[in-house]
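Here is the structure we will look at, set down as structure tokens.
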Amino acid sequence: QDDQEWDFVLVSDIHQMGSEKEIKRKKFLDELSKKGFTIKKIEDGKLFHGVRAPKWIFRKYRWLLRNPDSRLQSSDANHDVPVTTRIRIVNFILQNTVTPDLEKLRDLMKKNVFEAAFPLHKKEEKSLFLKEKWARWRDIFCQQPIENIRGYFGEKVALYFAWLGWYTYLLGIAAVVGLLIFVAGITVFSSSQVSKEICEANTTIMCPLCDEKCPFWLLSDTCTYAKVTHMIDNEGTVLFAMFMAIWATVFLELWKRQRATVVTSWDLYMWDEDEEELAMELINNPLHEPKQYQHSYFRSTVVLLLVLLMIAVLIGIAHALVIYRVMAMALFTQSSFEFIREQANTVAVVTGAVLHYLTIVIMTKVNRRVALYLCDLEKPRTFSQRENNFTMKIFTFQFFTNFSSLIYIAFFLGRVNGRPGNYVRIAGKWRLEECHPSGCITDLFIQMAIIMILKQTISNLMEYLVPWLTYKLHKRQKHPKKRNMMLGEEEEAEDPCKELWMSNYQLNEVNIFSLFDEFLEMVIQYSFTTIFVAAFPLAPLLAFFNNLFEIRLDAIKMIQLRRRMVPRKANDIGIWLQVLEAIGILAVIGNGLVIAITSDFIPMQVYKYTYSPCMTDNSTTVDCSTGYINHSLSVFHIQDFEPHMKLPEKLPDFAGHEIREYRDYRNADDYSYTVQFWHVFAARLAFLILFEHVALCIKLIAAWYVPDVPQSVNNFILDEKYSKLQKEL
């Protein structure tokens with residue numbers, strides 16, 4: 001028989017005759033034979049059982065799920081179901097065949113009766129074609145053959161690649177805009193009045209940044225840092241944040257159109273998953289009773305409480321990272337190396353970011369376990385329902401894992417640490433970190449850059465190298481056998497199936513979540529590119545280059561390094577669409593907060609239009625932000641420091657008057673907030689409300705303006721309905 005005929009291969013160890021495992025295996029295979037399956041056995045270090053389903057199964061499937069009108073034309077049963085459907089039905093029957101001991105394949109695999117079950121990769125034109133145009137590094141800029149992917153891996157995988165391609169395509173636009181804004185920042189804004197003032201402030205003495213061994217310092221020491229900050233923190237970024245909020249909406253609206261077009265051409269627009277599942281259940285077991293829908297408020301409450309508990313743990317980890325940075329800062333400032341002492345702040349931020357990346361890697365594994373456990377508690381009815389529940393939970397956990405530390409840096413760092421003489425301390429000992437005098441946005445920029453670059457380099461390398469190396473090792477272990485055949489022995493004719501089954505067995509195994517993992521990775525990346533984009537305008541560019549590789553990486557993994565996935569039918573990307581829409585709204589809120597709270601955009605505008613020389617002296621010759629830096633610093637008397645604070649021994653010579661400065665709006669006598677503080681505070685809130693409402697309105701208008709379903713699709717469905725009714729008439 002031709003190797004094409006075998007639908008599935010079951011692999012097991014060679015058990016002793018009469019052992020419990022062997023009996024269980026026999027019982028399972030007997031059940032399959034009763035259903036009319038053909039089974040072929042090959043031994044080669046392991047036991048391979050090829051399984052082929054009888055023709056009537058597919059006829060029954062076609063008959064149950066036929067369109068009422070198609071019965072007339074295609075009553076001939078020779079019209080075969082596509083390969084993907086064939087594999088899906090066989091997989092369903094294998095998974096749901098029950099032995100007399102009431103065990104299914106999954107239970108048998110847990111007990112090591114079977115080691116693996118997989119459909120075969122076909123060596124025919126499919127994989128050749130895919131290799132030619134798809135699964136190769138040099139095709140990075142080629143169109144993807146979505147139709148062929150669908151014919152080989154099923155609709156769900158094809159929709160993932162269609163979505164990924166579309167997302168990458170539109171990222172290109174955002175990347176260009178982001179790059180332009182960044183370049184504009186480097187050229188236009190680095191020579192801004194504010195950074196000029198910081199560089200010339202060589203008489204402004206600032207309070208020490210830590211309790212011991214930290215000198216008083218001059219504001220002009222931070223000249224370069226200020227220039228870097230103003231490259232990121234300028235008027236351009238406000239526009240870019242607005243642009244990205246609109247981009248996210250337009251991207252999703254256009255994707256809905258794209259999806260409708262693709263799915264209609266596959267004739268799946270009105271497809272119903274429940275019906276499909278019931279049909280397969282009935283083919284497998286005509287006496288099957290459908291599982292009823294159920295919902296228990298008690299269960300939902302338990303799950304909700306556990307989810308909240310898990311989120312609390314994740315936020316606790318973010319706190320631990322904060323404490324690490326505070327203590328690292330204290331240690332680095334007392335270090336014996338001069339470089340570390342001077343760059344203590346940057347070193348603490350960088351090591352903190354690397355540590356954060358490590359917690360992301362570890363917690364991803366933990367989150368998955370927890371999410372699976374919570375899913376089992378809920379007892380979902382169908383596979384797709386289970387997948388949706390799982391998606392929501394793991395995305396929530398991953399979101400907090402990835403973003404809790406960034407949220408702290410963006411919105412709390414330097415706002416909760418008190419003032420000189422009255423610092424907020426951890427355990428009454430360590431001072432909380434402060435923002436840099438030129439603003440907190442650079443800390444956020446560093447953290448984002450490190451995490452994105454590490455995620456995209458190390459994670460991608462691991463994602464490709466691990467399967468590649470395991471595949472190579474498997475091949476090495478299996479090959480040496482052939483050579484030490486004794487020459488004299490007559491070799492029986494080699495079974496053509498043997499080699500094919502063996503080569504498929506050596507590939508990496510796939511599980512239900514193989515595709516899910518790819519999606520999760522992309523959605524987290526999508527949140528990085530949209531949520532804090534105001535602080536890191538290069539995010540879309542990094543994501544764009546990453547995705548060009550990601551498409552080919554996933555393709556190569558699926559074709560060459562992994563066993564064939566069981567194809568699944570789908571007519572959209574499922575609950576991920578809601579997740580992406582939620583991220584779109586979070587992006588508006590996040591960027592609004594970054595501009596209102598993290599960046600110095602608002603205080604500068606308030607200064608320009610109320611306190612600046614332009615307003616007070618009506619002089620139009622000077623730059624309006626002149627004097628902003630002096631205005632944003634407050635005066636502090638040294639004698640008011642806490643008693644246990646060790647002051648640096650040698651005060652600079654010109655410090656006769658006992659006055660130092662720090663960054664805040666406070667009065668010189670009793671350190672209470674000044675009027676300006678409340679003025680800026682009100683402006684921040686007003687801007688936040690304005691930005692969010694304007695952005696959300698634009699999002700709504702964009703969503704209304706671009707219809708979800710293209711006219712061509714609507715007309716096509718209309719014609720179908722019309723012709724059907726006409727036929728009935």
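The values are calculated or read from the model by the stated rules, or taken from the named source; none is laboratory data. Note that the coordinates shown come from a computational prediction; the quantities given were computed from them, not determined experimentally. Reconstructed Cβ throughout: ideal geometry from the backbone, glycine too, with neighbour counts over all protein chains shown. Accessible surface areas use protein heavy atoms only, side chains included; no ligands, DNA or RNA. Shrake-Rupley method; radii C 1.70, N 1.55, O 1.52, S 1.80 Å.
Within the range 568-589, take every residue that is in a helix (DSSP H, G or I) and open to solvent by 10 Å² or more (accessible area, probe 1.4 Å) and give me the one that is nearest to Cys614 (Cα to Cα). Here the answer is Ile589.
Based on what the data block shows, is Ile246 touching a residue at least 12 places away in the same chain (Cβ under 8 Å), over 30 Å from Asn571 (Cα atoms), in a helix (DSSP H, G or I) and under 26 Å from the mean Cα position of the chain (by Cα)?
Values: touching a residue at least 12 places away in the same chain (Cβ under 8 Å): yes; over 30 Å from Asn571 (Cα atoms): no; in a helix (DSSP H, G or I): yes; under 26 Å from the mean Cα position of the chain (by Cα): yes.
No.
Given the structure, is Arg150 under 29 Å from the mean Cα position of the chain (by Cα), in the same structural domain as Trp56 (by the TED database) and either outside any helix (DSSP H, G or I) or modelled with pLDDT of 85 or more (or both)? Considered against the rule, which asks whether it is under 29 Å from the mean Cα position of the chain (by Cα), in the same structural domain as Trp56 (by the TED database) and either outside any helix (DSSP H, G or I) or modelled with pLDDT of 85 or more (or both), Arg150 comes out as no.
In the range 283-297, is there at least one residue being assigned to a helix (DSSP H, G or I) and under 30 Å from the mean Cα position of the chain (by Cα)? Within the range 283-297, not a single residue is assigned to a helix (DSSP H, G or I) and under 30 Å from the mean Cα position of the chain (by Cα). The sole residue among Leu239, Leu252 that is touching a residue at least 40 places away in the same chain (Cβ under 8 Å), open to solvent by 50 Å² or more (accessible area, probe 1.4 Å) and not charged (D, E, K, R) is Leu239. Within the range 641-678, if we keep just the residues that are modelled with pLDDT of 80 or more and loosely packed, with under 13 Cβ neighbours inside 10 Å, the residue that is farthest from the chain's Cα centre (by Cα) turns out to be Asp669.
Name the residue that is least open to solvent (accessible area, probe 1.4 Å), counting only residues in the range 10-69 that are among the polar types (S, T, N, Q) and assigned to a loop (DSSP other than H, G, I, E, B). Per the stated criteria, the residue is Ser19.
For beta carbons closer than 9 Å, sequence separation of 6+ or different chains, a first residue in the range 548-567 that is under 16 Å from Lys472 (Cα atoms) and open to solvent by 10 Å² or more (accessible area, probe 1.4 Å) and a second that is of a type in the set (Ser, Thr, Tyr) and in a helix (DSSP H, G or I), the qualifying pairs are Ile559/Ser127; Ile559/Tyr152; Gln560/Ser127; Gln560/Tyr471; Arg562/Tyr471; Arg562/Ser514; Arg563/Tyr505.
Quick test for you: out of Leu209, Leu254, pick the one residue that is assigned to a helix (DSSP H, G or I) and of a type in the set (A, V, I, L, M, F, W, C). Before you say what the answer is, go through the steps one by one.
Numbers: Leu209 fails: assigned to a helix (DSSP H, G or I).
Testing whether each residue is assigned to a helix (DSSP H, G or I) and of a type in the set (A, V, I, L, M, F, W, C) leaves just Leu254.
The set of residues in the range 600-621 being assigned to a loop (DSSP other than H, G, I, E, B), open to solvent by less than 60 Å² (accessible area, probe 1.4 Å) and not charged (D, E, K, R) consists of Ser612, Ser619.
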